[in-house]
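One structure is given below, encoded as C-alpha cells.
Every number in this text was worked out from the coordinates using simple rules, so none of it is lab data. Note that the coordinates shown come from a computational prediction; the quantities given were computed from them, not determined experimentally. Here the Cβ is made from the backbone with ideal geometry for all residues, glycine too, and neighbour counts use every protein chain on show.
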Amino acid sequence: MKNILREIRYFLDFVFASIKIALTGDRRYYVWLASLVMLVVLGTYAYIYQLMHGLIVTGMRDQVSWGLYISNFTFFVGVAASAVLIVAPLYLYNYREFEYIVTFGEFLAVAALIIALTNVLADVGRVERLWHMFPLIGTPNWPDSMLVWDVLVLNGYLFLNLLIPGYKLYKKYIGLEPSNWIKFFIFLSIPWAISIHTVTAFIYAGLSARPYWNTALMAPRFIASAFTSGPAIMILVLLVIRKYTFYRKYISEKAIETLAQITLIAMLVNLFLLLSELYTVFYSATIHQVSLKYLFFGLEHNGKVYAALKPIAWLSLFMQITSVALLLYPKTRRNFKTLAAACSLNAIGIWLEKGMGLVVPGFVPTPIGEIWEYMPSFMEWVIVAGTVAWGFLVYTLMLKVAKTIEAGLARHPKAGKE
Amino acid sequence: MKRRDFIKKVVMTSAIAPVASLRIPFVNVSIEELTQKHFKEMSEEEKKAVIERLEREYKERYGVDVNIKTTPAKEGVVWGYALNIKRCIGCRRCVYACVKENNQSRASPDDPTSNEIHWIRVLEVAQEKLEPGTEEQGIGTKFGDVVAGVVLEESEHYYDPEKVPEDGKMYIPIQCQQCEKPPCVKVCPTRATWKEPDGIIVVDYNWCIGCRYCMAACPYWARRFNWSWPYIPKEEINPNQHYLGNRIRYRGVVEKCTFCIQRTREGRYPACVEACPVGARKFGNLLDPNSEIRKIIREKRVFRLKEELGTEPKFFYFMD
C-alpha cells in the first residue's frame, strides 16, 4: 500500500515536472509555440463556423463527397505507421544508433495520429453523434465496417505510442530501469503499426463501386509510401533538432544515414508499385482507366476539359523521382542540405499522392458518369492548417520533455536514492 | 431487461432528464435528441415519445404540423421496381414529384448555402453517336469513335433542350436500386442504414454520423448528403411523413430514395410512378408471382445496372 502511494506521488511529480519542462524555453521556443497556438485558434474558429453552417462551407459536394480532410487523414495515418521503422531496428535487431531517437518516432506517431483523427472529426457531418460507433454505448458495425476497424486500431496505436515512451521516460525520471513487461507492448506495436495503414487502405480497396481504389495493390502501396514519407519527415525533424537544440550530440550521422537509406528503398518500392498500377490499368485500357486518366491527363466531356488534378499528379511524380535521384547519389544523400531537399520533396510528393491524388480521382467521374471537379475551399485549408499545427504543438511539447529527461537534465530529487 | 438497457435507462432517467432540453452550443442539439436510441432498439413506447418530440421540433423549426408514422413492413412483401427505358421521354417529372413528396431540400434564392437535393438523376445517352476517324489517327478503318447505349461515362446529366424527347436520344433515370446486397449498408460504421424486411434500404437520420462512407460505397450514386440545413418553403412541406422516409432531414446526414416508404406501406404507389406521364415506371411485390413486376421480369427484356458487381438490385430496366 505504501509502495503504491509512493508510486502515485512519483508519477504526479513526473507529470508536474513534465509540464514545467514543456512550458520553459528560450525566446525562439516561445515564438514557435505561439505561432502554432495562433494557427490552432484560427482553425478552431473556422471549425466552429463549419459546425454552425454545415459542410457546405467546404468545396465538397455529393459528386466528390470526400476531400482535403480525408486526404490528410490518409497521409498522416501513414506517417504514424512509419514509427515502426525506428522501433523495429532498435528492439528487434538491437540497432543502437536509434536508441536516442526512438522517442522521436514514437511521439511522431502520436502527433500524426492526432492530426489524422482531428481531420476525421472535421469531416463528419454530426460530430456529436460519434458515440454511436463506440462499443457498449453505441452500435458499431463490427466486423463489417472498415471504419470501425480503423477507429479501433488507430486508438490502440495511439495508446501504445503514449504508453511505451511515457513509461520509459517516467522510469528514467525516477532513476530506474524499465520493467520487462513493457517489451510486450513494444513488440505488439510493431505489427500494430502495419495494421493501421493496412486497415486504412482497406477502407478504399473494399469498394467495388470505385474501380480506382478497388485494387489489391492498395495496401502494399499504402505501406510503401508511408515507409518513405515517414522517415523523410523524421529526418527533417532530426536535422532541425541537430541545428537548433542541445540534443544534437545524441543524433548520430549514422542514424540519419540509415533513415535516408530506408527512405530511398521504400520510395523505389513505391514507384515500382505505381508503375505496376499504371501498366495494368492503361495497357488493358478498360472503361475503369477513366479515373487514373483524369488524374494524369484530365478528361474531356462535351468540349470542356476537366484537369484540375493534372498538375498535382505530375508534380508529385516529379518530386518523388527527384528525391530518388538525390538519395541514390551518396554525396547528395550525405550532405544535409541536399538531404533536406530530398526529404522535403519526398514528403510533399507523397502528401500529394496519398492525399488529393488518391481520394479525389476515386470520385471522378461519379459511378454514373458525371464529371465534377473538386477544389478545397479556403475554410478547409484553415481547418486543416489548424489540425496540423495542433499535431506539431503536441509533438514539440512532448519532445521537449522527452529530450530533457533522456539527456539527464531533469531527474526526480530522490532518483536513485531509494 | 438486458444489463446494458438497464444502465441506459438509469442514466436516462436520473442524469439526463433534468437537463434533457438543454442544447449543446454550435451544433444546436438538445440532450434529449443527443441521447436518442437507434430506431431498431427502441420499444414501442420509446418510439412514441420520440415521434412526439420530433413533431414538436419540426413545428418549432418549420411552423408546420406534421404526422410522422413508423408503419412497419408488411409480411410477405418485397418491393421491386421496373422502368421501361424505351418509353422514358426524359421529362424529369419524376424527379420533381419525388422532391415534393419526400421533402428534399430546395435551392433557396436568398441563401447561397442552401443545397438542392434530387434523389433521381436522369441521364441522357445517345442511341447512336458516330465520330468518323481520320487517316492520321491510324485507326485502320474510318469507322471511328462510336457511342451507343449505356456508356455512363458518355452520358449527359444536365441536358436542357426545348423539348424532350430528342431524336436519337435515350433516357436512363437512376435512383436507389434497393440492392439485395447493399454495399452502403455493409460499410456504415454505426448501422445507421439497413435493409428493411420489405427490401427497402433506409436511414435513421438521428443515428447517421455523416461520415459519407456509404456514398463512396454506392455504385449507383444514389445517396445524397445534407451539406447544410435543408431548405423547404413552409407551404411546400409534405406533412404525411415516415420516420424512415420523407421526414425532414438534418444538416450533416445522408438521405436516399426509399421507394416512398410513407406511401407504399399504406398501400399507395411511389410518387415517381404516379408522376410518370408515359407509364414507364412499374412497381410491385416481387414475392407475388401474379404481380405486374414479376410479369415484366418474366416476359420482357430486362437488365440491371452493373450486374457484375453482385449487388443484386431490385430495380429492373426493361424494353418492350
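Note on A:Lys414: aspartates and glutamates with a C-alpha under 16 Å away, same-chain residues under 8 apart excluded, are A:Glu7, A:Asp13, A:Glu177.
Taking 7 Å steps out from each Cα toward its Cβ at A:Leu236 and A:Asn180 produces label points 4.2 nm apart.
Peptide A:59-68 is shielded by partner chain Cβ atoms: per residue, an average of 4 of them sit within 10 Å of its Cβ.
Here is what passes the span test in chain A: the DSSP H helices with alpha carbon length of 24 Å or more along the helix axis and a Kyte-Doolittle mean of 1.0 or above are A:102-123, A:181-205, A:218-244, A:253-284, A:310-328, A:336-353, A:378-406. Loop sites here are GluC sites (Glu not before Pro) outside DSSP states H, G, I, E and B with no more than 15 other Cβ atoms within 10 Å. The longest part of chain B free of them is B:181-265. Between the helical axis of B:44-62 and the longest alpha-carbon principal axis of chain B there is an angle of about 70 degrees.
Model label sites at B:Asn67 and A:Leu217, defined 7 Å from Cα along the beta-carbon direction, differ in position by 5.9 nm. Dividing the mean sequence gap of close Cα pairs (under 8 Å, 6+ apart) by how many residues chain B holds gives a relative contact order of 24 percent. When chain B is treated as a GNM with alpha-carbon contacts under 10 Å, the residue of B:Pro161, B:Pro270, B:Pro189 showing the greatest mean-square fluctuation is B:Pro161.
In this rough spin-label picture, where each label sits 7 Å from Cα along the Cβ direction, the B:Lys59-B:Glu41 distance is 2.9 nm. Computed on the Cα atoms alone, the convex hull of chain B gives a volume of 183 cubic angstrom per residue. Averaging the sequence gap over all C-alpha pairs within less than 8 Å and six or more residues apart, then dividing by the number of residues, gives chain A a relative contact order of 30 percent.
Values of log10 I(q)/I(0) for chain A across q = 0.06, 0.09 Å⁻¹ run -0.26, -0.59, by the Debye formula with one identical scatterer at each alpha carbon and no solvent.
Extension gain, A:Lys20-A:Leu121: 0.36 nm per intervening residue step, less the Cα-Cα distance, totals 33.3 nm.
For segment A:87-187, the list of chymotrypsin sites (Phe, Trp or Tyr not before Pro) that fall in a loop by DSSP and count at most 11 other C-beta atoms within 10 angstrom reads A:Tyr93. Averaging 1/r over every pair of different alpha carbons in the protein assembly as shown and inverting the result gives a Kirkwood radius of 28.5 Å. Go ahead and run the numbers for FRET between A:Ile4 and A:Phe187, Cβ-Cβ distance against an R0 of 35 Å, rounding to 0.05. Once rounded, the FRET efficiency stands at 0.80. Working note: Karplus 6.51/-1.76/1.60 with θ = phi - 60° gives segment B:68-85 the couplings 9, 9, 10, 3, x, 5, 7, 4, x, 10, 10, 6, x, 9, 9, 9, 8, 6 Hz, where Gly and Pro are set to x. FRET efficiency for the B:Asp160 to A:Ala341 pair, using the beta carbon distance and R₀ = 51 Å, is estimated at 0.50. Take the cross-link list B:Lys100/B:Lys169; A:Lys168/A:Lys400; B:Lys100/B:Lys256; A:Lys354/B:Lys306; A:Lys171/A:Lys254 and give me the ones stretching past 21 Å between alpha-carbons. Going by Cα-Cα distance, B:Lys100/B:Lys169; A:Lys354/B:Lys306; A:Lys171/A:Lys254 fall outside the 21 Å limit. Computed from the C-beta positions of B:Lys300 and A:Trp142 and an R0 of 45 Å, the FRET efficiency is 0.60 to the nearest 0.05. Judged by a Cβ-Cβ distance under 4.7 Å, the unpaired cysteines of chain B are B:Cys88, B:Cys91, B:Cys98, B:Cys179, B:Cys188, B:Cys208, B:Cys211, B:Cys218, B:Cys260, B:Cys276.
Highest GNM mean-square fluctuation among A:Leu238, A:Leu136, A:Leu12, for chain A modelled with Cα contacts below 10 Å: A:Leu136.
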